[in-house]
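Q: The following block contains the structure, expressed as structure tokens.
The values are calculated or read from the model by the stated rules, or taken from the named source; none is laboratory data. These numbers were taken from a predicted model, which means no experiment stands behind them. Here Cβ is always computed from backbone atoms with ideal geometry, including for glycine, and neighbour counts include all displayed protein chains. Keep in mind that these areas ignore ligands, DNA and RNA; they rest on the heavy atoms of the full protein, side chains included. Shrake-Rupley method; radii C 1.70, N 1.55, O 1.52, S 1.80 Å.
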Amino acid sequence: FFRLPIVTAFSWLVSQSVLAATVKMPWTEWLKQQTHICHSSGGEKTKTKFLWNKDDKPFNLSDPRIIVSNNGGTFRIPNDGHISHFQGKYRCFASNKLGIAMSEEIEFIVPNTPKFPKEKIDPLEVEEGDPIVLPCNPPKGLPPLHIYWMNIELEHIKQDERVYMSQKGDLYFANVEEQDSRNDYCCFAAFPRLRTIVQKMPMKLTVNSSNSIKQRKPRLLLPPPESGSESSITVLKGDTLLLECFAEGLPTPKVAWDKMGGDLPKGGESKNNSVDTLKIENVSYEDKGNYRCTANNFLGSATHEFHVTVEEPPRWTKKPQSGVYSTGSSGILLCEAEGRPEPTIKWRVNGLPIERNPFSGDVISPGEISFTNVQPNHTAVYQCEASNVHGTILANANIDVVDVRPLIQTADEENYATVVGYSAFLHCEFFASPEAIVSWQKVEEAKPLDGRRYHVHENGTLQITETTEEDAGSYSCWVENAKGKTAVTANLDIRSNFILILLCINGHKASTHFFPGRIIIDGANLTISNVTMEDEGIYSCSAHTSFLMCVSVFPLPEYIVEFEGNKEEPGRWEELTRVQGKETTVVLSLAPYVRYQFRVIAMNEVGRSQPSHPSGHHETPPAAPDKNPQNIRVQASQPKEMIIKWEPLKAMEQNGPGLEYRVTWKPQGAPVEWEEETVTNHTLRVMTPAVYAPYDVQVQAINHLGSGPEPQSVILYSGEDYPDTAPVIQGVDVINSTLVKVTWSTVPKERVHGHLKGYQVNWWKTKSLLDGRTHPKEVNILRFSGQRNYGMVPSLDAFSEFHLTVLAYNSKGAGPESEPFIFQTPEGVPEQPTFLKVIKVDKDTATLSWGLPKKLNGNLTGYLLQYQIINDTDEIGELHDINITTPSKPSWRLLNLSATTKYKFYLRACTSKGCGKPITEESATLGEGSKSVGKISEGVNLTQKIHPVESFEPGAEHVVRLLTKNWVDNNSIFEDVIETRGREYAGLYDDISTQGWFIGLMCAIALLTLILLTVCFVKRNKGGKYSVKEKEDLHPDPEVQSAKDETFGEYSDSDEKPLKGSLRSLNRDMQATESADSLVEYGEGDHGLFNEDGSFIGAYAGSKEKGSVESNGSSTATFPLRA
């Protein structure tokens, strides 16, 4: 079947806080987006579509500024600065092919940041004894609004019967005194839901002293004199009525209240900051009437009357009910609501006013719709909307016109059983439209059942009373209407009276005993037939042999009494008490103001029985609270502020209506009166004059019936501020190269401005003493809890300079840092070398190579090389030491080793402080007659950096070795060592500077360079561009072109051939030389190609100057090989 849509949920979701239909944007960062959700239930076969209206106009879900999901049932408005454009009243419509359901209307408000206007407030000057009013005029914002009058030091302006702050926030003085003079009267407006507090510009009040202060009779300032002697007040039922009267006069008038023609509500008159006000909570219709306040002093009186009217938003008394109808039938929809003023009832069909979709024959009135001759087009969702000036409520009712053959919902061939003499119930639940007739018959008789023992209920269930064994058998349930009929079969089993069988485990089988009548004992079995009430009791079974005798006793059951009545979790049953033995009654301790329902469960060793049928509801009378809130605490707050929180009373602990919490506080131990405020939630924000000051705080539960027990005081502290002073570092003691001890002076308690949590040490490395290199600032932090004046700082780098500071921190945060203290760490032992490799082995020698440690931790003095024999036996050879005193030497050749022997090598790097951890390597020497083995792999280890070559002494020999990155057996590489001799290169170029062709070439290059520079200068002045590439193309240098044309070989793992005629490219990424017409590379500097006598030094790394052009090619020098 298809099903009409029903709006089952309509809500606004806020990422961290639900604010009904109001959000605070865009100035609160924690609120990221607003989500609007509309859920519906429309059946599995009916796809639901969602539409939204904003301000009674279709809302465009394709707006790119919103994110739509759930087929339009959900859309989110990200907080990207445009959220205020979406303010308005929203309504959701859920539709399918059968109708349209609609939600109530919810208003989405994005309030602006409340601000006091920037204004210049003129100073006020009055005579002593005169009245005055300081206006606040707070800005509009999201309620609730809390107003405070304080001075610039955030100290509250004291209020009493002479000084009073009205509900609108104005500060009234009945008569001023000299002590009222001050220039910093500040009005603060707090908006808790916006987490915003704004301050009005300070006001200056000057009170001039007078020698002749005139006394005068009272004159009302509240209500304002312009309102006359009476005013009207409207309050909603259930809200709180607050009437205030304040009069000026000298002496200060006293205010009293009375209700004309009746009595004041009990406890209604309350003193608030020593000023009489009238406060009535949870207002009812009985509270309407005329109230009068009278202000008196000995010179006279003044009065004002309040005409109080109680009104109420709409509430349902009869909501329209959904129904299923058949074609041609009739029905009625009722819709009644109460409220003051009386609500207006409007009907809609599928979200549209019913006037647009009238049905002939239907009678429509504000309270009902009467259907006559219902037709299929009546299938729709009908909405009833009741509204008055205080609100609107909406109810949906589904009218479904269906004509189908009966559908039986009870399964076929269900089995039922009962005992002779008891009633049997055979179920036949069905759905039918038009209405159907239900009949039952026995299958074998094929005729309807008839007789007083048979009764068919409206839901189709057959009840057979006083059953007999003849009632057993199969029954058919037939449901028939105008569209057809359907049947199911049910099977009934009738059993004789109960037979109770008791078994005794391990029983000795005795002879069978027959008791007269119903009881039979057959060995271990006791059988009782036709059990009656007289058989109730305790039975025991004993079994014995020559070795063992046992007795089993079945105890009486235990009863568990459960209740349901928790308003917070309706429908949840909780255990209340347990009853032992034969007791069938119990006296229960109950909580006041709870609507109880009870049930009983029996329990024995086997388990629990099914619960009994619940009792009727029993409501206990209300009472005053009998406990106060627990876990009173202060939440993290701002300086000079306390946010007091506590665990609210649960619904079962409230004891009555109108639960509130009376919070009182005062400075700890101070002989002053308690300050007080009553709230309905479980949090209160209090402004305090001092930072982190202790306060005595009490929280008492109250309701309409009275107050809870006398509350206990707890000590809470006002909000913390940051520490405002820094410790002084007294010294840094160096323990070793990586550990120091820091001592400092503690911060005075009064300068911490909170609970001292500890001290924080910050340090950073400034430079290494090894190479003097400056390090970027990277601050390390270590915290020490509690009140202490020293700390150990570990994991420092050895042989380095550090800066160190100390600061105090509390729960608010960290205070200022101390002046940096500079200290140095001494040398330490190095880390282990980065690698150790055996690069060549022979029968009696081994060559080792290694890398420098990552951290030297001081000046490297050398290495300690150790080795020993580790052949595959349990014994190991003697450890031999070699001290290598040349730190720059990266390799060592060991001699006089034993052939065909496995060795383990240990290498440690050393400083003046000792040697570090060793790095190890293992290798075996070769046997007699074996060829020496070098270990190379992966090809040549190319580097990207070209190191400058120092000037060679003429005639000296220098060796260039080609090494590889890793090691494999490749003898050819080791045997073809490339060597160059400095004297050979010198002879090659001895007389080049005296050759005529060389001088001519240099002159030509100089002339071309001058011409090109001139052309470049001219083109640049004309806005042209100079292309080096064009010049190179037009004037190629022969030597450079020759170098480009030459083919260089490449070395790879797969090509293990010795180097032959020329040196291959050692660095494919080597930068190219400068352009051929430039002589810069031949100038002075560390990287020149020629030494003082003009000889070539074997490296080509020209210095680049500004404006030089780089080539993407590569160029290397070609060396002759030494044969």
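Q: Taking the residues in segment 417-439 that are of a type in the set (Val, Ile, Thr) and open to solvent by less than 70 Å² (accessible area, probe 1.4 Å) as candidates, determine which candidate is modelled with the lowest pLDDT.
A: Checking each candidate, the answer is VAL419.
Q: Only one of (1) assigned to a strand (DSSP E or B); (2) open to solvent by less than 20 Å² (accessible area, probe 1.4 Å); (3) at pLDDT 90 or above is not met by GLY934, so which one is it?
A: Only one criterion in (1) assigned to a strand (DSSP E or B); (2) open to solvent by less than 20 Å² (accessible area, probe 1.4 Å); (3) at pLDDT 90 or above is unmet by GLY934, namely (3).
Q: Moving on to the next point. Say we look at segment 443-480 and pick out the residues that are open to solvent by 20 Å² or more (accessible area, probe 1.4 Å), touching a Ser or Thr at 6+ places or on another chain (Cβ under 9 Å) and part of a strand (DSSP E or B); which of these is nearest to SER423 (Cα to Cα)? So that I can check it myself, show each step before the final result.
A: If we filter segment 443-480 for residues that are open to solvent by 20 Å² or more (accessible area, probe 1.4 Å), which is where we start, we get 443-459, 463, 465-466, 468-470, 472-474, 478, 480.
From the residues that got through so far, the ones that are touching a Ser or Thr at 6+ places or on another chain (Cβ under 9 Å) too are 443-444, 446, 448-449, 452-456, 463, 465-466, 469, 474, 478, 480.
Narrowing further to those that are part of a strand (DSSP E or B): 448, 454-456, 463, 474, 478, 480.
On the way: PRO448: 19, TYR454: 10, HIS455: 11, VAL456: 13, GLN463: 7, SER474: 16, TRP478: 21, GLU480: 26 Å.
Ranking the candidates gives GLN463 first.
Q: So, one more: Could you say whether any residue in segment 76-96 is in contact (Cβ under 8 Å) with a residue 24 or more places away in the chain, polar (S, T, N, Q) and assigned to a loop (DSSP other than H, G, I, E, B)?
A: First, the residues of segment 76-96 that are in contact (Cβ under 8 Å) with a residue 24 or more places away in the chain: 76-79, 81, 83-84, 86, 88-96.
From the residues that got through so far, the ones that are polar (S, T, N, Q) too are 79, 84, 95-96.
In the following step, the residues that additionally are assigned to a loop (DSSP other than H, G, I, E, B) were identified as 79.
Yes, because at least one residue in segment 76-96 is in contact (Cβ under 8 Å) with a residue 24 or more places away in the chain, polar (S, T, N, Q) and assigned to a loop (DSSP other than H, G, I, E, B).
Q: Considering each of GLU161, GLU155 in turn, give the residue that is under 40 Å from the mean Cα position of the chain (by Cα) and of a type in the set (Asp, Glu).
A: Details: GLU161 fails: under 40 Å from the mean Cα position of the chain (by Cα).
Checking each option against the conditions leaves just GLU155.
Q: Does ALA295 fit the bill of being open to solvent by less than 30 Å² (accessible area, probe 1.4 Å) and either over 23 Å from ARG340 (Cα atoms) or in a strand (DSSP E or B) (or both)? Don't jump to the end; show me each part of the working.
A: Details: open to solvent by less than 30 Å² (accessible area, probe 1.4 Å): yes; either over 23 Å from ARG340 (Cα atoms) or in a strand (DSSP E or B) (or both): yes.
Judged against the criteria, ALA295 is a match.
Q: Any chance segment 651-664 includes a residue that's touching a residue at least 60 places away in the same chain (Cβ under 8 Å), hydroxyl-bearing (Ser, Thr, Tyr) and out of contact with any Phe, Trp or Tyr (no Cβ under 6 Å at 6 or more places or on another chain)?
A: Scanning segment 651-664 turns up no residue that is touching a residue at least 60 places away in the same chain (Cβ under 8 Å), hydroxyl-bearing (Ser, Thr, Tyr) and out of contact with any Phe, Trp or Tyr (no Cβ under 6 Å at 6 or more places or on another chain).
Q: Does SER785 meet the test of being out of contact with any Asp or Glu (no Cβ under 9 Å at 6 or more places or on another chain), of a type in the set (Gly, Ala, Ser) and touching a residue at least 40 places away in the same chain (Cβ under 8 Å)? First the steps, then the outcome.
A: On the way: out of contact with any Asp or Glu (no Cβ under 9 Å at 6 or more places or on another chain): yes; of a type in the set (Gly, Ala, Ser): yes; touching a residue at least 40 places away in the same chain (Cβ under 8 Å): no.
Against the criterion (out of contact with any Asp or Glu (no Cβ under 9 Å at 6 or more places or on another chain), of a type in the set (Gly, Ala, Ser) and touching a residue at least 40 places away in the same chain (Cβ under 8 Å)), SER785 does not qualify.
Q: Sort out which residues of segment 650-659 are outside any helix (DSSP H, G or I) and open to solvent by 20 Å² or more (accessible area, probe 1.4 Å), and write them in order of number. Write out each step before concluding.
A: Keep residues of segment 650-659 that are outside any helix (DSSP H, G or I), which gives 650, 654-659.
Matches in segment 650-659: LYS650, GLN654, PRO657, GLY658, LEU659.
Q: Going through segment 417-442 one residue at a time, which ones are within 57 Å of the chain's Cα centre (by Cα) and outside any loop (DSSP other than H, G, I, E, B)?
A: ALA417, PHE425, LEU426, PHE430, PHE431, ALA432, SER433, listed by residue number.
Q: So which residues in segment 397-416 are at pLDDT below 90 and open to solvent by 50 Å² or more (accessible area, probe 1.4 Å)?
A: The one that is at pLDDT below 90 and open to solvent by 50 Å² or more (accessible area, probe 1.4 Å): ASP403.
Q: Separate question: Report whether or not SER615 is farther than 21 Å from GLN159 by Cα, free of Cβ contacts under 8 Å to residues at least 24 places away in the same chain and either of a type in the set (Ser, Thr, Tyr) or not in a loop (DSSP other than H, G, I, E, B) (or both).
A: Values: farther than 21 Å from GLN159 by Cα: yes; free of Cβ contacts under 8 Å to residues at least 24 places away in the same chain: yes; either of a type in the set (Ser, Thr, Tyr) or not in a loop (DSSP other than H, G, I, E, B) (or both): yes.
Answer is yes for this residue.
Q: Those residues that are surrounded by fewer than 20 Cβ atoms within 10 Å (Cβ to Cβ) and touching a strand residue (DSSP E or B) at 6+ places or on another chain (Cβ under 8 Å), I need them from segment 843-852; list them, please.
A: Of all residues in segment 843-852, those surrounded by fewer than 20 Cβ atoms within 10 Å (Cβ to Cβ) come to 843-845, 847, 849, 851-852.
Listed by number, the residues that qualify are THR845, THR847, SER849, GLY851, LEU852.
Q: For segment 537-586, list the strands (runs of 3 or more DSSP E) that sit wholly inside it and hold at least 1 residues that are open to solvent by less than 80 Å² (accessible area, probe 1.4 Å), at pLDDT 90 or above and within 18 Å of THR620 (Cβ to Cβ); which are they? First the steps, then the outcome.
A: Details: elements: 540-544, 549-553, 558-564, 574-579.
Per the criteria, 558-564, 574-579.
Q: When you scan segment 88-123, how many residues do you find that are of a type outside the set (D, E, K, R), open to solvent by 30 Å² or more (accessible area, probe 1.4 Å) and touching a Lys or Arg at 6+ places or on another chain (Cβ under 6 Å)?
A: Qualifying residue count for the region: 1.
Q: Given the conditions (1) assigned to a strand (DSSP E or B); (2) of a type in the set (Phe, Trp, Tyr); (3) at pLDDT below 85, report the number of the one that PHE359 does not fulfil.
A: For PHE359, the failing item is (1).
Q: Still on this structure, I have one more. What pairs can you find where one residue is in segment 821-842 and open to solvent by 40 Å² or more (accessible area, probe 1.4 Å), the other is among the charged types (D, E, K, R) and part of a strand (DSSP E or B), and their Cβ atoms are less than 7 Å apart, with a gap of 6+ or different chains?
A: Partner pairs satisfying both residue conditions: ILE822/GLU801; GLN824/GLU801; LYS837/GLU921.
Q: Quick one: GLY877 ticks every box in (1) open to solvent by 70 Å² or more (accessible area, probe 1.4 Å); (2) under 19 Å from ILE919 (Cα atoms); (3) not in a strand (DSSP E or B) except a single one, so which number is it?
A: Exception for GLY877: condition (1).
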